[in-house]
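**Student:** Let me give you the structure first, and then I'll get to my questions.
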Amino acid sequence: IRKHDFNAIDGGHPYGGLVQVNNKLYGLTSGGGVNGKGVLFEYDPFTNTFAKKFDFGGQSGEIPYSTMVVTADGNLYGVTIEGGANGNGVIFKYNPQKNTVTKRKDFDASTGIRPFGGLMLASSGLLYGMTYQGGLHSKGTIYAYDTATNVVTKKFDFSGSADGSTPSGRLIEATNGLLYGMTPKGGNTDGGILFEYNP
């Protein structure tokens, strides 16, 4: 059953998934909105009500392709692939109680740029993500983000060869405590790899 049609005003072309907080669903679109750079929206499945909550653009970040993640305090964190101070994407926080979006960090070439995939919450309490470009070899990175200290730490540089290149997805934490992900390029056949990361 179709519940909502996106249009140029309330967003368009959502690539990421939905996340549930207090019985409401939240998501991102990569386009549309006032600035044409994507929106953050809320959908209430009980009342079938769709509401645009924020228009991305400029310093706040642009073009989010990912799924947001919920932290223990009920806030949602996400990333954009463009916008921000360096034009290479940002980490943002959305507080659904106050209906506020706050830019937390600007991505730069040293820690990685253009994060297509979203963040994941590890058992340590840190958020982990990957960038599509940037880092030592300009082939992307794995990074950790501490919401308490607002610090991004680069954890790994993809080389573009044996260990993969330009990751565009999302990490997961398996029951063994290790993180797993994939890259679309690199590896022995340049067809991408599935990898394991030990934090």
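**Student:** Consider residue 105 carefully, then state whether it is in contact with a Gly (Cβ under 6 Å, 6 or more places away or on another chain), under 29 Å from residue 137 (Cα atoms), open to solvent by 10 Å² or more (accessible area, probe 1.4 Å) and in contact (Cβ under 8 Å) with a residue 24 or more places away in the chain.
**Tutor:** Judged against the criteria, residue 105 is not a match.
**Student:** With the requirement that a residue be of a type outside the set (Val, Ile, Thr) and part of a loop (DSSP other than H, G, I, E, B), what does the range 81-110 give you? Walk me through it before giving the result.
**Tutor:** Of the residues in the range 81-110, the ones of a type outside the set (Val, Ile, Thr) are 82-89, 92-99, 103-110.
84, 85, 86, 87, 89, 96, 97, 98, 99, 107, 109, 110 - these are the residues of the range 81-110 that are of a type outside the set (Val, Ile, Thr) and part of a loop (DSSP other than H, G, I, E, B).
**Student:** Can you confirm whether residue 78 is assigned to a strand (DSSP E or B), modelled with pLDDT of 95 or more and at negative phi?
**Tutor:** yes
**Student:** Sticking with this structure for a sec: Identify all residues within the range 58-68 that are aliphatic (A, V, I, L, M) and either open to solvent by less than 10 Å² (accessible area, probe 1.4 Å) or at pLDDT below 95 (or both); write none if there are none.
**Tutor:** 68 - this is the single residue of the range 58-68 that is aliphatic (A, V, I, L, M) and either open to solvent by less than 10 Å² (accessible area, probe 1.4 Å) or at pLDDT below 95 (or both).
**Student:** Could you look through the range 79-117, keep only residues that are more than 10 Å from the chain's Cα centre (by Cα) and small (Gly, Ala, Ser), and pick out the one that is farthest from residue 60 (Cα to Cα)?
**Tutor:** By that ranking, first place goes to 110.
**Student:** Of all residues in the range 1-47, which are in a strand (DSSP E or B) and either open to solvent by 80 Å² or more (accessible area, probe 1.4 Å) or in contact with a helix residue (DSSP H, G or I) (Cβ under 8 Å, 6 or more places away or on another chain) (or both)?
**Tutor:** 20
The values are calculated or read from the model by the stated rules, or taken from the named source; none is laboratory data. In this text, all values refer to a predicted model and were calculated from it rather than measured experimentally. Counting neighbours? That spans all protein chains shown, and the Cβs are built from the backbone with ideal geometry, glycine included. Heads up: the accessible areas ignore ligands, DNA and RNA and are worked out on the full protein's heavy atoms, side chains in. Shrake-Rupley method; radii C 1.70, N 1.55, O 1.52, S 1.80 Å.
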